[in-house]
Amino acid sequence: IGLWNSILQRDTTTFAQQFTADDCATSAVDISQTDCEALVAFYYSTNGPSWTDNGGNWLTDNSPCDWEGVDCRNNRVTRLFQNENGLSGSLSPTIGNLTELTWLQINGNQIGGNI
């Protein structure tokens, strides 16, 4: 909860109409709450608002499995594709909560951190 509060307090005006970690528990469809929260953290920790292409649907659609570059199977994230997409910052540790993730493509970006 503390991580989410610090992330979401950065600019509540800009993100007021967007999907938040709290929405993962109440509004997300077709995805586990844990996977949804990990995707929201991934977006914010890699400067999602400045991505080259987020498909127009990251954090605006209540079905995270339909977000650009996200593939799911059985309501779990299995693939995440964000090559050369202007990501910057560091990977959120919550990426480790994507326990069904079998493919992660994030090359060509300016991100760091441990997986």
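The values are calculated or read from the model by the stated rules, or taken from the named source; none is laboratory data. None of these values were measured; they are calculated from a predicted model. Virtual Cβ from ideal backbone geometry, glycine too; neighbours counted across all protein chains shown. Heads up: the accessible areas ignore ligands, DNA and RNA and are worked out on the full protein's heavy atoms, side chains in. Shrake-Rupley method; radii C 1.70, N 1.55, O 1.52, S 1.80 Å.
Here are some notes:
- Within the span defined as region 34-49, every residue fails to be open to solvent by 70 Å² or more (accessible area, probe 1.4 Å) and at pLDDT 95 or above.
- Within region 62-80, the set of residues being open to solvent by 30 Å² or more (accessible area, probe 1.4 Å) and either assigned to a loop (DSSP other than H, G, I, E, B) or of a type in the set (Asp, Glu) (or both) comprises 62, 66, 68, 71, 74, 75.
- Residues of region 12-33 classified as in contact with a helix residue (DSSP H, G or I) (Cβ under 7 Å, 6 or more places away or on another chain), part of a helix (DSSP H, G or I) and modelled with pLDDT of 85 or more, total: 3
- Subset of region 81-94 that is in contact with a Phe, Trp or Tyr (Cβ under 6 Å, 6 or more places away or on another chain) and open to solvent by less than 30 Å² (accessible area, probe 1.4 Å) - its residue that is modelled with the lowest pLDDT: 92
- Scanning region 24-61 for residues that are hydroxyl-bearing (Ser, Thr, Tyr) and under 18 Å from residue 99 (Cα atoms) yields a total of 3.
- Pair list, Cβ < 6 Å and 6+ apart or interchain, from region 88-115 residues that are in contact (Cβ under 8 Å) with a residue 40 or more places away in the chain and outside any strand (DSSP E or B) to residues that are charged (D, E, K, R) and open to solvent by less than 50 Å² (accessible area, probe 1.4 Å): 98/35
- Listed by first and then second residue, the pairs with beta-carbon distance under 7 Å, at least 6 apart or on different chains, first residue in region 37-50 and over 17 Å from residue 65 (Cβ atoms), second open to solvent by 10 Å² or more (accessible area, probe 1.4 Å) and part of a helix (DSSP H, G or I), are 44/7.
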